[in-house]
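Beneath this line is the structure, given in structure tokens, with notes to follow.
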Amino acid sequence: MENMNITVKRSKRKTCEIRLLTQDELEVRVPLFYSNQMVEKLIDSKQRWIYKKREGMRPTLASLKYQLGGVMPIWQRPMTIMPSETSTSYLNFDNSTIQLRVGLTTEQELIKRELKGLLKEELKQYIEGKVIQFSEIMGVKYNQIRIKSIHSRWGSCSSKGNLNFALNLILVPQEIVDYVIIHELAHLRVMNHSKAFWKIVESYYPKYKEARKWLKANAQALEL
Ligand SMILES: [Zn+2]
């Protein structure tokens, strides 16, 4: 399975058990005699179940609070908000922390402002890289890229070729963000959502229907 960390635990047991720990962590418990090939086969036979279960494990922001110690799923990965020990704010993916230059504050507004600034930078860097890459492949020219706190949509494209993306995309899996980028770039060729438009999207992102579905299902849970 793509994008999955799989841990295999062999022990003196007679049955197999597959557990999905998080959206991308799978634990497989098997008897000692199980070869890697057998494990692979087992996982293959459970693909449907895993997929369904994964779908159900949407990241939830219900517990989201702008406070030190709070956890935020950046790129689908739980990251803990901490006061930065240096003079800058940064994301530390090595130890899953969000280091904020806010001191030991309890002021939620201050944390929110600093956090949003930081996430904007992170998202912009990712999107810019992808826009450069995809626009070349798709043969389109764009003007400016902006990250905005918009909630009604994931992205938009103006007739002048300006691309806007919602900050909330930082809470979305990167492969789905790629769909949003390709969608907006496709608008540089066809401005509406006609059949011709979706044909272009599909040619660069064949699984666009799944991506749309995912965004629809998760839109409300993903608000910064
Ligand atoms: Zn559109």
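The values are calculated or read from the model by the stated rules, or taken from the named source; none is laboratory data. These numbers were taken from a predicted model, which means no experiment stands behind them. Neighbour counts are summed over all protein chains in view; Cβ atoms, including those assigned to glycine, are modelled from backbone coordinates with ideal geometry.
Return yes or no: is residue 83 surrounded by 11 or more Cβ atoms within 10 Å (Cβ to Cβ), under 22 Å from the mean Cα position of the chain (by Cα) and either in the same structural domain as residue 166 (by TED's automatic domain parsing) or closer than 25 Å to residue 174 by Cβ (or both)? I'd like the intermediate steps shown before the answer.
Numbers: surrounded by 11 or more Cβ atoms within 10 Å (Cβ to Cβ): yes; under 22 Å from the mean Cα position of the chain (by Cα): no; either in the same structural domain as residue 166 (by TED's automatic domain parsing) or closer than 25 Å to residue 174 by Cβ (or both): yes.
No: the conditions fail for residue 83.
Is it the case that residue 180 is within 29 Å of residue 78 (Cβ to Cβ), part of a helix (DSSP H, G or I), without any contact (Cβ under 8 Å) to a residue 60 or more places away in the chain and within 13 Å of the ligand (Cβ to nearest atom)? Here the answer is yes, as residue 180 does meet what is asked. All told, residue 168 meets the bar of being away from the ligand (no atom under 13 Å from the Cβ) and surrounded by 15 or more Cβ atoms within 10 Å (Cβ to Cβ).
Exactly one residue out of 164, 92, 168 is within 20 Å of residue 212 (Cα to Cα) and touching a strand residue (DSSP E or B) at 6+ places or on another chain (Cβ under 8 Å): that is 164.
Output yes when any residue across the range 187-195 is of a type outside the set (Lys, Arg), more than 14 Å from the ligand (Cβ to nearest atom), farther than 30 Å from residue 53 by Cα and not in a helix (DSSP H, G or I), and no when none is. No. Evaluate the range 140-161: report whether one residue or more is part of a helix (DSSP H, G or I) and within 15 Å of the ligand (Cβ to nearest atom). Looking for residues that are part of a helix (DSSP H, G or I) and within 15 Å of the ligand (Cβ to nearest atom), one finds none in the range 140-161, hence no. Taking residues in the range 77-88 that are part of a loop (DSSP other than H, G, I, E, B), and partners anywhere that are charged (D, E, K, R), the pairs with Cβ atoms closer than 9 Å and at least 6 places apart or on different chains are 84/101; 86/101; 87/101; 88/101. Residues of the range 196-220 that are within 14 Å of the ligand (Cβ to nearest atom) and outside any helix (DSSP H, G or I): 205 alone. Quick check on the range 89-102. Is at least one of its residues buried (at least 16 other Cβ atoms within 10 Å of the Cβ), in contact (Cβ under 8 Å) with a residue 24 or more places away in the chain and hydroxyl-bearing (Ser, Thr, Tyr)? Yes: one or more hits.
The residues of the range 139-164 that are in contact (Cβ under 8 Å) with a residue 40 or more places away in the chain and surrounded by 16 or more Cβ atoms within 10 Å (Cβ to Cβ), listed by number, are 140, 142, 154. Scan the range 123-130 and tell me whether some residue there is within 15 Å of the ligand (Cβ to nearest atom), within 22 Å of residue 75 (Cα to Cα) and of a type in the set (Asp, Glu). No, because not a single residue in the range 123-130 is within 15 Å of the ligand (Cβ to nearest atom), within 22 Å of residue 75 (Cα to Cα) and of a type in the set (Asp, Glu).
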